[in-house]
Amino acid sequence: MMTPMRYIVLVLVIILSLHYIMSFSHEEYGKATSLDRIKQSWSGPNPPYKGGIPDEYYKPSAPVDLPDRKANATFVMLVRNSDLTGILGSMKQIEDRFNRKFQYPYVFLNEEPFTDEFKKHITSLTDAPVEFGLIPNEDWVQPPHIDEERATKARQEMVDQGVIYGGAYRNMCRFNSGLFFKQELLQKYKYYWRVEPDIKIFCDVDYDPFLVMQDQDKVYGFTISLYEYPATIPTLWDTTRKFIKENPGLMAPDNAMGFISDDGGETYNRCHFWSNFEIGSLDFWRGEGYTKYFDYLDKEGGFYYERWGDAPVHSIGAALFANKSQIHFFNDIGYRHEPFQHCPQGDVHAAGRCWCNPSENFDYEWYSCLNRYDQMF
Ligand SMILES: Nc1nc2c(ncn2[C@@H]2O[C@H](COP(=O)(O)OP(=O)(O)OP(=O)(O)O)[C@@H](O)[C@H]2O)c(=O)[nH]1
Ligand SMILES: *[C@@H]1O[C@H](CO)[C@@H](O)[C@H](O)[C@H]1NC(C)=O
Ligand SMILES: *[C@@H]1O[C@H](CO)[C@@H](O)[C@H](O)[C@H]1NC(C)=O
Ligand SMILES: [Mg+2]
């Protein structure tokens, strides 16, 4: 005997099955179901948006007039699948303020495979090429020469001192310091723009910063600089000094030592470029000076025995192995990564149609290093 409840369930199952079968077998029926509409909205290239309003109300975008000349460059985003919302926000701003007109490609990197959902949302934001890369395990995890017992103890000591971030953060810092530019998908590029989740781009970027780098032989560009927490880098400078002594001749003749040291290299003043924003040369990191420097630091183990960040490591690398004129302050790029922002001042503000408050600007706050950069010139 069938109870009334079982009868209802049976009828429901039949209706749902029919619906499911019809949605595949009958095209028109399938289009009417919401599941299918979502699926269609995800398949690029992206058609112009039409929301069921009569055509006369739409103003179609003019076709993009691509520049005659482009640099050999890409955006780079290291993110987790869980960073999707944050990176979509960043990417949308990059597209609207800059890349809609320039169409530079994107490279996404992750130590885990990106999900299909992640890829569909990301590719729907741009018409530029997007590639998704999986970081090889050996480029991500703690290398075998690290003494785990010593590393665990160091992590615990830092937690006790209230210095946060655990093991995964250390992998990320090491990867960003010395391994991102070695990834397969980046080999075909010379310049990169690093973008993190949840940033803000305040102004229109109507020119091509990559071409500025390329044409003017720049190797590193920044918007914000500041002091590093001493607890994360107790031996970084001693290690750097040892490296310099053992490798004379690698330093650039007109280097930016003045930015990182107030006494000609005796001590590190802890100034660094904030590396969540970087427009830089991949070939510079791949060059002899920085390659040897990173390998030396990596062997020393401070990424794990302390918490060396990619910001001071990149900054010291750029300051030592590049001429100071090759390090560029992107004053006209209004930028925020919590909790600091660079908001262009004066004429630059209006010219870029910036939406930040000019009085909220980190440039010459007491914790900023921009004045030291200025003083070199
Ligand atoms: N794939 C992957 N990306 C990571 C991981 N940890 C951090 N990232 C990315 O690395 C970059 C820096 O990480 P954040 O957590 O933003 O570090 P932070 O900027 O020092 O700290 P916040 O102030 O929290 O932003 C961001 O682009 C993150 O999305 C990780 O474990 N896996
Ligand atoms: C772009 O730069 C990379 C790295 O230097 C190089 O291997 C590649 O040949 C360059 N591509 C073009 C089109 O110039
Ligand atoms: C720095 O400038 C000098 C000339 O002043 C030049 O010989 C050298 O190649 C430059 N260094 C780099 C890294 O471009
Ligand atoms: Mg961040």
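The values are calculated or read from the model by the stated rules, or taken from the named source; none is laboratory data. It should be emphasised that the depicted structure is a prediction, and the values quoted were computed from it without experimental measurement. We place every Cβ from the backbone using ideal geometry, glycine too, and count neighbours over all the protein chains shown. Surface areas here come from the heavy atoms of the whole protein model, side chains and all, with no ligands, DNA or RNA. Shrake-Rupley method; radii C 1.70, N 1.55, O 1.52, S 1.80 Å.
Do we have H145 as modelled with pLDDT of 95 or more, more than 16 Å from the chain's Cα centre (by Cα) and farther than 25 Å from C173 by Cα here?
no
Mind telling me which of the residues Y335, Y364 ends up being of a type outside the set (G, A, S), modelled with pLDDT of 95 or more and buried (at least 22 other Cβ atoms within 10 Å of the Cβ)?
Residue meeting the stated conditions: Y335.
Please specify each residue of segment 273-297 satisfying the condition of being hydroxyl-bearing (S, T, Y) and touching a Lys or Arg at 6+ places or on another chain (Cβ under 9 Å).
Matches in segment 273-297: S275, S281, Y296.
If a residue has to be under 18 Å from A168 (Cα atoms) and open to solvent by 10 Å² or more (accessible area, probe 1.4 Å) to count, how many in segment 285-308 make the cut?
4
Restricting to segment 312-332, and then to whatever is surrounded by 24 or more Cβ atoms within 10 Å (Cβ to Cβ) and of a type in the set (A, V, I, L, M), can you tell me which residue is nearest to M257 (Cα to Cα)?
By that ranking, first place goes to A319.
Give the number of residues within segment 114-129 that are in a loop (DSSP other than H, G, I, E, B) and under 19 Å from G86 (Cβ atoms).
5
If I go through segment 274-284 residue by residue, how many of them are hydrophobic (A, V, I, L, M, F, W, C) and open to solvent by 10 Å² or more (accessible area, probe 1.4 Å)?
The total comes to 2.
On the basis of being within 16 Å of ligand 1 (Cβ to nearest atom), open to solvent by less than 20 Å² (accessible area, probe 1.4 Å) and not aromatic (F, W, Y), does H342 make the cut?
yes
Residues in segment 96-108 that are open to solvent by less than 10 Å² (accessible area, probe 1.4 Å) and touching a residue at least 60 places away in the same chain (Cβ under 8 Å): how many?
Final tally of qualifying residues: 3.
Is there a residue being within 16 Å of ligand 2 (Cβ to nearest atom), under 23 Å from V107 (Cα atoms) and among the acidic types (D, E) anywhere in segment 192-207?
No: segment 192-207 contains no residue that is within 16 Å of ligand 2 (Cβ to nearest atom), under 23 Å from V107 (Cα atoms) and among the acidic types (D, E).
How about segment 184-261: which helices (runs of 4 or more DSSP H) wholly inside it have at least 3 residues that are within 25 Å of R336 (Cβ to Cβ) and within 16 Å of ligand 1 (Cβ to nearest atom)?
Here the list is empty.
Hey, among E117, E112, which residue is under 23 Å from E184 (Cβ atoms) and surrounded by fewer than 14 Cβ atoms within 10 Å (Cβ to Cβ)?
Checking each option against the conditions leaves just E112.
Select from segment 130-162 the residues that are assigned to a loop (DSSP other than H, G, I, E, B) and more than 26 Å from F180 (Cβ to Cβ) and list them in ascending order.
The answer is Q161, G162.
Scan segment 133-156 and give yes if some residue there is within 12 Å of ligand 1 (Cβ to nearest atom) and in contact with a strand residue (DSSP E or B) (Cβ under 6 Å, 6 or more places away or on another chain), otherwise no.
yes
Out of curiosity, is Y169 surrounded by fewer than 19 Cβ atoms within 10 Å (Cβ to Cβ) and closer than 27 Å to R336 by Cβ?
yes
What pairs come up if the first residue lies in segment 218-231 and is under 13 Å from F273 (Cα atoms), the second is within 16 Å of ligand 4 (Cβ to nearest atom) and of a type in the set (S, T, Y), and their beta carbons are under 6 Å apart, counting only those six or more places apart or on different chains?
T223/Y335
Select from segment 204-230 the residues that are touching a helix residue (DSSP H, G or I) at 6+ places or on another chain (Cβ under 7 Å) and away from ligand 3 (no atom under 16 Å from the Cβ) and write down the one among them that is most open to solvent (accessible area, probe 1.4 Å).
Filtering segment 204-230 for residues that are touching a helix residue (DSSP H, G or I) at 6+ places or on another chain (Cβ under 7 Å) and away from ligand 3 (no atom under 16 Å from the Cβ), the one most open to solvent (accessible area, probe 1.4 Å) comes out as D204.
Yes or no: Q187 without any contact (Cβ under 8 Å) to a residue 12 or more places away in the chain and either open to solvent by less than 10 Å² (accessible area, probe 1.4 Å) or within 16 Å of ligand 2 (Cβ to nearest atom) (or both)?
Yes, satisfied.
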